[in-house]
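Structure, as structure tokens:
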Amino acid sequence: MLRENDVDLDGAPTTAKRLQGRVAVVTGSSRGIGRAIARALASEGASIAVHYCRGEEQAASLAAEVEHLGSKARLVQGDLGRPEDCHRVLTLAARDLGPVEILVNNAGVNRDRTLRKMTAAEWDEVIQVNLNSVFHCTKAGLEPMISRGWGRIINIASIIGQTGALGQANYAAAKAGIIAFTKSVAQELARFGITVNAICPGFVETDMLATMPAPARDAVKGRIPLGRFGQADEVARLVRFLCTEGDWITGAQLNINGGQYM
């Protein structure tokens with residue numbers, strides 16, 4: 001008999017929760033793509049460490065959603081631009097929920113400015129949060145996965161890391177670095193039963209995209225062969241697939257961009 005919570009992200013009934021007993025850390029999960037990812041993994045039974053930096057109210061509402069889906073949730077605050085906070089987030093998640101077996105490195109910031117105007121501080125902040133945190137969080141969460149012989153590390157990169165973009169040298173460099181990091185670490189960890197993949201979203205309907213002026217939005221949409229922006233839930237379903245059915249996928253950079261970059 002199906003229980004009330006036995007539904008997938010689209011509300012369709014399912015008889016088994018394929019991530020029951022797993023613990024997932026989703027960085028930057030209080031809103032946008034990270035929020036959708038946390039909900040998708042919770043819908044499959046995973047306990048979720050809801051990481052946030054400043055949006056405590058949004059994070060708390062997500063934790064309530066996760067618990068409504070029948071999964072455990074734990075709020076974990078941290079500034080991932082600080083290596084010690086990266087380690088603390090993983091440590092607290094393991095202490096309160098159990099050994100972490102799924103890590104989604106999603107947290108990111110942007111400080112867009114042309115290179116001539118970009119300050120060293122703006123460069124450093126984006127690299128620290130968007131790239132260095134992937135190293136520190138992955139390293140901090142590695143040993144439990146190795147000891148259990150199973151793990152999923154999913155790094156949220158970007159189409160900008162593949163194409164570059166005017167005024168985003170810092171962001172593009174960080175996201176390109178994530179892709180290269182993913183391919184290297186995937187080779188190291190495959191023998192332990194751990195898969196490591198990068199997802200490269202195109203332009204997705206999020207708060208960040210909503211701030212773009214309408215003419216710029218229209219211009220971007222005109223360059224997308226499928227004629228629309230993506231949805232956060234579409235990225236989340238790809239993450240869920242990698243965690244539940246992607247056993248033989250590792251070292252991949254998976255494009256989800258409406259055909260904008262092929």
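When a footprinting reagent is the concern and you count Cβ atoms within 10 Å, what order do 47, 29, 158, 147 take, fewest first?
Working: 47 24, 29 33, 158 27, 147 11.
By the 10 Å Cβ count, ascending, the order reads 147, 47, 158, 29.
Show me the trypsin sites (Lys or Arg not before Pro) within the range 178-262 that DSSP assigns to loop and that have at most 16 other Cβ atoms within 10 Å of their Cβ. Don't skip to the answer; put the middle values down first.
On the way: sites: 183, 191, 217, 221, 223, 228, 237, 240; in loops: 223, 228.
Taking the range 178-262 and a limit of 16 other Cβ atoms within 10 Å, the loop trypsin sites (Lys or Arg not before Pro) found are 223, 228.
How many percent of Cα pairs in the range 115-245 exceed 25 Å? It would help to have the intermediate numbers written out before the result.
Values: 2944 of 8515 pairs.
Counting every Cα pair in the range 115-245, those more than 25 Å apart make up 35 percent.
Semi-axes, largest first, in whole Å: what does sqrt of 5 times each Cα gyration tensor eigenvalue give for the chain? Before the final figure, lay out the partial values.
Details: eigenvalues 154, 92, 66 Å².
Semi-axes, largest first: 28, 21, 18 Å.
Compute the angle between helix 133-148 and the longest alpha-carbon principal axis of the chain, please, reported from 0 to 90 degrees and rounded to the nearest 10.
With rounding to tens, the tilt is 20 degrees.
If you average the sequence gap of Cα pairs under 8 Å that are 6 or more apart and divide by the length of the chain, what percent do you get for the contact order?
Numbers: 534 pairs, mean separation 45.9, N = 262.
Reported as a whole number, the value is 18 percent.
Once you put a point 7 Å from the Cα of residue 113 and another 7 Å from the Cα of residue 88, both along the Cβ direction, what distance in nm separates them?
Each label point is offset 7 Å from its Cα along the Cβ direction, giving 2.7 nm.
Cβ neighbours within 10 Å, averaged per peptide: list 83-93, 106-116, 36-46 in order, most packed at the top.
Details: 83-93: 19.6, 106-116: 16.8, 36-46: 26.8.
Output ranking for 83-93, 106-116, 36-46: 36-46, 83-93, 106-116.
Taking the chain as the reference, fit the longest principal axis to its C-alpha atoms, fit the long axis of helix 56-68 to the helix C-alpha atoms, and give the angle between the two in degrees, 0 to 90, nearest 10.
40 degrees
Taking residue 183 as the anchor, which aspartates and glutamates have their alpha carbon closer than 20 Å to its alpha carbon, excluding any fewer than eight residues away along the same chain?
101, 143, 245, 247
If you place +1 on the Cβ of every Lys and Arg, -1 on the Cβ of every Asp and Glu, and leave all else neutral, what size is the dipole of the chain about its Cα centre, to the nearest 20 Debye? Please report the intermediate quantities before stating the final value.
Working: 29 positive and 27 negative charges, 97 e Å.
Around 460 debye, computed over the chain.
Taking only DSSP H segments of four or more residues, each worth -39500 (n - 2.57), what value at 222 nm results for the chain once the sum is divided by all its residues, to the nearest 500 deg cm²/dmol?
Numbers: 10 runs with 115 residues, N = 262.
Value at 222 nm, helices only: -13500 deg cm²/dmol.
Report the Cα centroid-to-centroid distance between the range 191-262 and the range 85-146 in angstrom, as an integer.
After rounding, the separation between the Cα centres reads 19 Å.
Tilt of helix 83-97 relative to the longest C-alpha principal axis of the chain, in degrees (0 to 90, nearest 10)?
The angle comes out near 30 degrees.
How would 118, 262, 145 line up from fewest to most surrounding beta-carbon atoms within 10 angstrom? Write out the running numbers ahead of the final one.
On the way: 118 17, 262 6, 145 22.
Listed from fewest to most nearby Cβ atoms, that is 262, 118, 145.
Taking H placed 1.01 Å from N in the peptide plane, check which residues at least 5 places from residue 73 or on another chain put their amide H under 5 Å from its amide H.
Here 48 satisfy the definition.
Given a Förster distance of 22 Å, report the FRET efficiency between residue 262 and residue 210 from their Cβ-Cβ distance, rounded to the nearest 0.05.
Values: r = 26 Å, r/R0 = 1.20.
Taking R0 as 22 Å, the efficiency between residue 262 and residue 210 is 0.25.
Based on the Cβ-Cβ distance from residue 120 to residue 245, what FRET efficiency comes out when R0 is 51 Å, to the nearest 0.05? Each step should come with its number before you reach the end.
Working: r = 44 Å, r/R0 = 0.85.
That pair, residue 120 with residue 245, gives E of 0.70.
Got a sec to turn the phi values of the range 30-35 into Karplus ³J(HN,Hα) couplings, 6.51 cos²θ - 1.76 cosθ + 1.60 with θ = phi - 60°, whole Hz, x for Gly and Pro?
Working through the residues one at a time gives 6, 7, x, 4, x, 4 Hz.
Identify all aspartates and glutamates with a Cα-Cα distance to residue 72 below 14 Å; exclude those on the same chain that are fewer than 8 residues away in sequence.
Partners within reach: 44, 96.
Every number here is computed from the coordinates shown, using simple stated rules; none is lab data. Keep in mind the model is a prediction, meaning the values are calculated, not measured. Heads up, the Cβs are rebuilt from the backbone with ideal geometry, glycines too, and the neighbour counts pull from every protein chain shown.
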